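*Asks:* My questions will all concern the structure given below.
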Amino acid sequence: MSDCLDHAAAIRSGEELDVDKLEPFLRRHFPNETGAFEVRQFPSGHSNLTYSLHLGAKELVLRRPPFGSKVKSAHDMSREFRVLSKLHSVYAPAPQVLLYCDDASVIGAPFYLMQPIHGIILRRHLPAALDFPAETAGRLSKAFIENLVRLHRVDYTAAGLSDLGRPEGYLERQVRGWTERYYGSETHEYPEVEKMGQWMRQNMPTTSAVSLIHNDYKYDNVVLDSGEITKIVGVLDWEMCTIGDSLSDLGTALAYWVDRTDPEELQENRWGPTSEPGSLTRAEIVHYYSEKNGCDASQIAFYLAFARFKLAVIVQQIYFRYHQGLTKDQRFAAMPETIRMLLRASLHTAQTGQI
């Protein structure tokens with residue numbers, strides 16, 4: 001299974017770290033590590049950037065904001081560090097953080113360091129060496145949802161995270177905020193945006209369950225045990241974590257979950273191997289979550305429609321940086337088609353109520 005482990009790679013052009021300043025900073029904080037210093041980058045992810053550092057025998061992971069981002073609230077390293085510093089002890093899959101640095105003179109932006117979590121991360125295509133029969137796909141689907149339920153049951157007040165968000169009016173703020181973010185990064189005209197804005201305002205449900213939510217829960221943000229792939233050992237990318245409507249977290253997971261029977265344009269934009277034989281469908285995911293968490297998910301279509309709209313805006317914000325020449329990452333060039341697809345899928349869910 002070692003061939004399936006997630007590995008760092010060469011650093012993308014334009015996203016290099018200033019090693020001449022970073023190395024002495026690290027050696028001051030880890031004076032017992034005397035070996036060579038090496039930096040590589042984890043190649044996936046489109047928002048905050050993640051690097052693998054080796055300082056002698058010590059291995060560290062560094063997280064920093066993306067280059068060229070103007071949306072400060074979306075890349076608050078101090079907030080992400082504070083969340084993880086309190087969450088790890090009550091929710092073990094959250095990474096263990098080690099150090100926060102707000103001195104921009106080191107690498108040009110705030111950053112934090114954390115312990116690595118080794119394992120397998122499933123992305124759009126399964127690793128060639130991975131055996132993934134239908135029975136395993138089914139058990140992993142259930143483990144994926146059980147882990148989300150586990151997060152939603154965390155006592156965030158006891159963990160010292162009660163000030164992380166305001167659950168009152170959460171959905172209304174989310175709809176308004178993501179609509180404003182779209183217009184703040186608009187590069188193309190999509191008629192679905194105005195239609196969805198009106199529909200969401202008119203069909204907003206009343207929040208029935210509040211919890212700590214990840215807000216970007218998907219297969220390629222979970223780390224699987226290399227010896228037992230249906231066991232989740234890590235959950236990554238906590239930049240959007242807050243306290244809010246639990247079903248909005250489920251809706252986000254559904255927005256990333258592509259069924260085998262979905263249209264081709266959705267199949268082409270899978271974020272994970274969710275359409276593999278044996279995987280639960282979105283409808284089965286909702287039923288299983290409701291069964292495990294004892295909640296009413298009858299209005300889940302709203303949450304899925306909103307989540308797809310939100311994902312479209314997130315991709316739009318990333319594309320805006322590329323459009324403005326603030327990043328040279330060529331992965332972003334084709335994003336307008338992804339945005340268009342997500343907006344169409346969002347509107348379809350809104351108009352039909354189908355998940």
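*Asks:* Whole-Hz Karplus ³J(HN,Hα) for the range 196-213, in order, using 6.51 cos²θ - 1.76 cosθ + 1.60 and θ = phi - 60°, x for Gly and Pro?
*Replies:* Values per residue, Gly and Pro as x: 5, x, 5, 4, 5, 5, 7, 10, 5, x, 8, 5, 10, 9, 10, 7, 5, 10 Hz.
*Asks:* Okay, next question. Computed over the Cα atoms of the chain, what is the convex hull's projected area averaged over all directions, in nm²?
*Replies:* If I average the Cα hull's projected area over directions, I get 17.4 nm².
*Asks:* Among the listed pairs 142/231; 142/218; 21/58; 86/231; 58/328, give every one whose C-alpha distance is greater than 21 Å.
*Replies:* Result: 86/231; 58/328 exceed 21 Å.
*Asks:* Write down the Å³ per residue value for the convex hull defined by the alpha carbon atoms of the range 274-355.
*Replies:* Per-residue hull volume (Cα only) is 119 Å³.
*Asks:* Continuing with this model, one more query. If R₀ is 25 angstrom, what is the calculated FRET efficiency for the pair residue 348 and residue 324, using the beta carbon separation as r and rounding to 0.05?
*Replies:* 0.25
*Asks:* Continuing with the same structure: How big is the accessible area of residue 216 in square angstrom, nearest 10, if you roll a 1.4 angstrom probe over the protein chains?
*Replies:* 20
*Asks:* On a 0 to 90° scale, report how tilted helix 335-352 is relative to the longest principal axis of the chain, with both axes built from alpha carbons and the result rounded to the nearest 10.
*Replies:* On a 0 to 90 degree scale, this one is about 30.
*Asks:* Out of 212, 126, 224, any idea which swings most in a Gaussian network model of the chain, alpha carbons joined below 10 Å?
*Replies:* Judging by the Gaussian network model, the answer is 126.
*Asks:* Accessible area per residue of the chain at 1.4 Å probe, in Å²?
*Replies:* 44
*Asks:* Stokes-Einstein D for the range 1-159 at 25 °C, 0.890 mPa s, Kirkwood Rh over Cα pairs, in µm²/s?
*Replies:* Translational diffusion coefficient: 138 µm²/s.
*Asks:* Ignoring ligands, DNA and RNA, what percent of the accessible area of the range 204-355 is carbon or sulfur (1.4 Å)?
*Replies:* 47
*Asks:* Also, I was wondering about something else. For the range 99-172, report the % of Cα-Cα distances exceeding 17 Å.
*Replies:* Distances greater than 17 Å cover 73 percent of the Cα pairs.
*Asks:* So what's the angle, to the nearest 10 degrees on a 0 to 90 scale, between helix 77-87 and the longest Cα principal axis of the chain?
*Replies:* Helix 77-87 sits at roughly 80 degrees to that axis.
*Asks:* Can I ask one more? Give me the extension gain from residue 11 to residue 260: residue separation times 0.36 nm, minus the current Cα-Cα distance, reported in nm with one decimal.
*Replies:* 86.2 nm
*Asks:* At a probe size of 1.4 Å, how large is the accessible area of residue 4, to the nearest 10 Å²?
*Replies:* Looks like 10 Å² after rounding.
*Asks:* Within straight cross-link reach of residue 195, meaning Cα distance under 19 Å, which lysines are found once same-chain residues fewer than 8 apart are removed?
*Replies:* Excluding near neighbours in sequence, the set is 310.
*Asks:* While we're looking at this one, here's another question. Taking only Cα atoms, what is the 0 to 90° angle, nearest 10, from helix 300-323's long axis to the longest principal axis of the chain?
*Replies:* So the inclination is approximately 40 degrees.
*Asks:* Something else now. As a test question: what accessible area, to the nearest 10 Å², does residue 81 have when a 1.4 Å probe is rolled over all protein chains in place?
*Replies:* Residue 81 exposes around 50 Å² with every protein chain in place.
*Asks:* Pop a pseudo-label 7 angstrom from the Cα along the beta-carbon direction at both residue 267 and residue 125 and give the gap in nm to one decimal.
*Replies:* 1.6
*Asks:* I've got another one for you. Compute the Cα gyration tensor for the range 145-302, then decide on rounded, prolate or oblate, letting a ≥ b ≥ c be the square roots of its eigenvalues: rounded whenever a/c is under 1.5, prolate when a/b is larger than b/c in the other cases, and oblate in all that remain.
*Replies:* Since a/c reaches 1.5 but b/c is at least a/b, the shape of the range 145-302 is classed as oblate.
The values are calculated or read from the model by the stated rules, or taken from the named source; none is laboratory data. Predicted, not measured: the structure shown is a model, and the values here were computed from it. Cβ atoms come from the backbone with ideal geometry, glycine included; neighbour counts cover every protein chain shown. These accessible areas exclude ligands, DNA and RNA; they are computed on the full protein's heavy atoms, side chains included. Shrake-Rupley method; radii C 1.70, N 1.55, O 1.52, S 1.80 Å.
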